[in-house]
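Below you'll find the structure, written out as structure tokens, and then a few comments.
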Amino acid sequence: MREVLRKSPDLRSHRPGALPGGVVTVCAFLTIVFGGDGAAQTVPSVAGSCPVREMSRQPLTVGPGQILYVEPMATSTAGAVTLLAGSPTFLWGTTASGQYRLEGRDTVFGALITGAGTGRMIPSPIPASRIGLVRAVPTGNATWGVIFAEMTPEYHFPNRGTIAHLWFATLSPRGWSPLTELPATLNEAINPSHSSELQYRHGNFAWAVRTDSSRTSSVAVFERNNGVWTYERLPVDDAAYVEFTGWTDNEMEIAIVRAFAEPGTHDSNSLFLHRRGEAWDTGRRIVRGGEEPVYEPAPLETPRGKIITWWSRVGHGGGMSFPARTSLAREGQPVVMLDSSVSQAFSLGLLPRREPVWVLNHRMPDSDGELRIIRLVLGKPVVIARTPNPFKGPFSATVLDQSTIAVAGPLLSEDRGGSLSTLVIRFRLRCDSAR
């Protein structure tokens, strides 16, 4: 699942005669392919489509009468267990009258979820109110590698603070391994909300971050090999976002969104691929940003190659729209619009072949929007399920098994004193082969 929380749109522009970093007022959700009763409504099945059924919809329960909210900074499924972690968190008890009573705030790291929406709380290894970033990756059955940032004392969500420590540990239902600290040299420069997902391969880990200075924004890559963390800086300026797109024994590839500083041209937030063999190359521009700048790239491996999803703003003022699109990640490939205007989009790979589907929130006037599940059939987007969006803020999505996905986000219960809890919705998909 692609994580989009806590990320404010970031623009890196280049204009002839202007300093890089100037702002332009343009913004579409895009995807590139590399190499009611509240129940979900299905649409008629077509060739290559997926009948969808909503299996369950309930708040995250972590004990008798206890309901939990977790800001979904990281959502990751390993085997039959899903990790949901982040900050802030709210723990609610239930009174005899059915009202929720706040029992704790920022007291846990998150929850391990099994079944329809039952979970087990994860104790936080540091004061939970100081957590400003979480990244997690499965390393085995119900086991994860986790990076999280401990912010300076003045940090208070949602305001951005400075990283005091970057910690790494493994997590399982048995608990935490001892914490190890990443090199602290870059702590003050790292932008917590503009870092990549954590990567895992053959016992080693990798993580890319954006670093900010008074002059520019660059990229650094952390690696953990044989238990030791190191980092290297990339020769890149004016970076907005960074995400991994490939990692093998011989090379590493990352997507960087940055301005293309070409004399005589204007550009903002173009998408580049940078590859490391013996050294990092200067990058290849795959998509030009310009009047549709790229935001928040999110790769996904599929049977037909790597895909990446991002968004942009298009237009001005009341005429602004947020379309979602997809394309093969090679230069000159056609682009397919997934949706005309969205506020969030996730690309998920259905097991076992990782056929892609998208879970997104379609913007609608005077409402919180409409959750839609989309897949491509014969190269065209098909809405295979839709339901009114029940979430009062950003949500997350993950694949549970070969036919089930889960969507989790904030549920505001106004009839229970305005309590905020995590609502977990499970959908079952029965997909034919997409052609």
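Quote the FRET efficiency, to the nearest 0.05, computed for GLU232 versus ARG275 with a Förster distance R0 of 25 Å and r equal to the Cβ-Cβ distance.
On the way: r = 14 Å, r/R0 = 0.57.
Approximately 0.95, to the nearest 0.05.
Using a 1.4 angstrom probe on the protein heavy atoms only, could you order HIS194, HIS165 from most to least accessible area?
Result of the area sort, largest leading: HIS165, HIS194.
Using a ≥ b ≥ c from the Cα gyration tensor of region 103-260 (square roots of the eigenvalues), is it rounded, prolate or oblate, where a/c under 1.5 gives rounded and otherwise the larger of a/b and b/c decides, a/b for prolate? Before the final figure, lay out each step's value.
On the way: a/c = 1.90, a/b = 1.30, b/c = 1.47.
Note, shape of region 103-260 comes out oblate.
Run the numbers for THR170 and HIS202: contour at 0.36 nm per residue of separation, minus the present Cα-Cα distance, in nm. Before the final figure, lay out each step's value.
Numbers: separation 32, 0.36 × 32 = 11.52 nm, distance 1.47 nm.
That works out to 10.0 nm of additional length.
Go through MET252, MET320 and list them by solvent-accessible area, largest first, probe radius 1.4 Å. Working shown, then result.
Working: MET252 0, MET320 65 Å².
So, going from the largest accessible area down, we get MET320, MET252.
With a Förster radius of 51 Å, plug the Cβ-Cβ distance of THR95 and SER213 into 1/(1 + (r/R0)^6) and report the FRET value to the nearest 0.05.
Details: r = 51 Å, r/R0 = 1.01.
In this case the efficiency is close to 0.50.
Mind checking the full-extension length gain between GLU251 and SER56? Use 0.36 nm per residue of separation minus the Cα-Cα distance, one decimal, nm. Numbers along the way, then the final one.
Details: separation 195, 0.36 × 195 = 70.20 nm, distance 4.25 nm.
Separation in residues times 0.36 nm, less the Cα-Cα distance, equals 65.9 nm.
What are the ³J(HN,Hα) couplings of region 99-116, residue after residue, when phi is run through the Karplus curve with 6.51, -1.76, 1.60 and θ = phi - 60°? Round to Hz, x for glycine and proline.
Those phi angles translate into 7, 8, 10, 5, 9, x, 10, 6, 9, 10, 7, x, 8, 9, 10, 10, x, 6 Hz.
Where in region 401-432 is the amide nitrogen less than 13 Å from a point lying 7 Å along the Cα-to-Cβ axis of ALA116?
Under cut-off, by backbone N: 424-427.
Considering only protein heavy atoms, what is the solvent-accessible area of SER196 at a probe of 1.4 Å, reported in Å² to the nearest 10?
The value for SER196 is about 0 Å².
Could you work out how far the C-alpha centroid of region 57-73 sits from that of region 78-97, in angstrom?
For region 57-73 versus region 78-97, the Cα centre distance is 3 Å.
Give me, ordered by chain and number, the residues 5 or more places off VAL287 or on other chains with an amide H under 5 Å from its own placed amide H.
Distant-sequence amide H within range of VAL287: LEU271.
In square angstrom, rounded to the nearest 10, how much accessible surface does THR185 have for a 1.4 Å probe?
100 Å²
The values are calculated or read from the model by the stated rules, or taken from the named source; none is laboratory data. None of these values were measured; they are calculated from a predicted model. Positions of Cβ are generated from backbone atoms using ideal geometry, with glycine treated the same way; all protein chains shown enter the neighbour counts. For the accessible areas, the whole protein counts, side chains as well, though only heavy atoms, and no ligand, DNA or RNA atoms are used. Shrake-Rupley method; radii C 1.70, N 1.55, O 1.52, S 1.80 Å.
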